[in-house]
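Participant: Shown below is the structure under consideration.
The values are calculated or read from the model by the stated rules, or taken from the named source; none is laboratory data. Quick caveat: nothing in here was measured; it's all calculated off a predicted structure. Backbone-built Cβ (ideal geometry, glycine too); neighbour counts: all protein chains shown.
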Amino acid sequence: MSTKISKDDLKSPDQVTQTLRKGFVWTTGHSKIVIAAVAAFIVLGVGYSIATYLSDKKEIAQQEKYFLLEKAYSAKKQGFEEAARAEQINAQSKDKKNVPAFDPAKKASGDLQKDYGTIVANFESFINDAPKTKAAQMAALNLSEIYLTYKKNDEASAVLAKVEPGLKSGDVLTALVLMQTGNIQADKGDCKAAVEKWQKLADTKALAFAHDEAKLRMGLCFESMNDLAKAEALYTEIAKKEDMNTTDFAAAKEAQKYLRLLKAKKNL
């Protein structure tokens, strides 16, 4: 993405908020969950080992159920996406003989209940059954995406809140859930709540891979709240970061753009 500042950027006082809402492409693809082997402890350690074993056993069982739900969701979503692509190609193509067939019946209706009714209900039931499992966290991320597609931000936020108590420090799913929760809060216009989630993410050393993007989003929120000093400090920190192992170069490039934009606006 270019770091040049256009005239339109300077004309719109709400440009930062709009950019925040569009955001980066944060992939919520599902990571494989590696279940740690249960160590053989003695005396007091035996109790811990048994508890861990039972917990892991439950996690595995839940993940087996989750992947069946995800399979149904992915098939439904893929069908809608293929129908949308076929419709677009048909609308744009002049040669109707060499375009994919478009079946209007396969297109998403725009009604959540009609499109994903049983899938949403199954995800909700699954999450409620074992909200502290990693499988539930993955299900919540998927379900939140469905809700967001249909502009149901409150429902998306609520489902992520159900699994937040089970998040483990340093786990990639923790980063995904906190990032997504902050995105939703910001999109609702509650930047204060969004910053709290992203700050929690940025404070977790084990999640360094997500720090730059979390801080960039915090900067955008601070700017929308007219706290320009904090916004500038965050943009500068990301743009000038030199640690090659933890630097998010896409975020650094964006930070440079927003820093230039902020300075240009301050000079108006």
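Participant: Residues that are of a type in the set (D, E), under 26 Å from A202 (Cα atoms), surrounded by fewer than 20 Cβ atoms within 10 Å (Cβ to Cβ) and modelled with pLDDT under 95: does the range 164-172 have at least one?
Facilitator: Scanning the range 164-172 turns up at least one residue that is of a type in the set (D, E), under 26 Å from A202 (Cα atoms), surrounded by fewer than 20 Cβ atoms within 10 Å (Cβ to Cβ) and modelled with pLDDT under 95.
Participant: Based on what the data block shows, is K192 outside the structural domain of E223 (by the TED database), more than 11 Å from the chain's Cα centre (by Cα) and farther than 24 Å from F67 by Cα?
Facilitator: No.
Participant: In addition: Within the group S125, S157, which residue is without any contact (Cβ under 8 Å) to a residue 24 or more places away in the chain and either in the same structural domain as K76 (by the TED database) or touching a Lys or Arg at 6+ places or on another chain (Cβ under 8 Å) (or both)?
Facilitator: Working: S157 fails: without any contact (Cβ under 8 Å) to a residue 24 or more places away in the chain.
Result: S125 is the single residue among S125, S157 that is without any contact (Cβ under 8 Å) to a residue 24 or more places away in the chain and either in the same structural domain as K76 (by the TED database) or touching a Lys or Arg at 6+ places or on another chain (Cβ under 8 Å) (or both).
Participant: Might you check whether a residue that is on the phi < 0 side of the Ramachandran plot, crowded, with 20+ Cβ neighbours inside 10 Å and touching a residue at least 12 places away in the same chain (Cβ under 8 Å) occurs anywhere in the range 83-106?
Facilitator: No, there is no match, as no residue in the range 83-106 is on the phi < 0 side of the Ramachandran plot, crowded, with 20+ Cβ neighbours inside 10 Å and touching a residue at least 12 places away in the same chain (Cβ under 8 Å).
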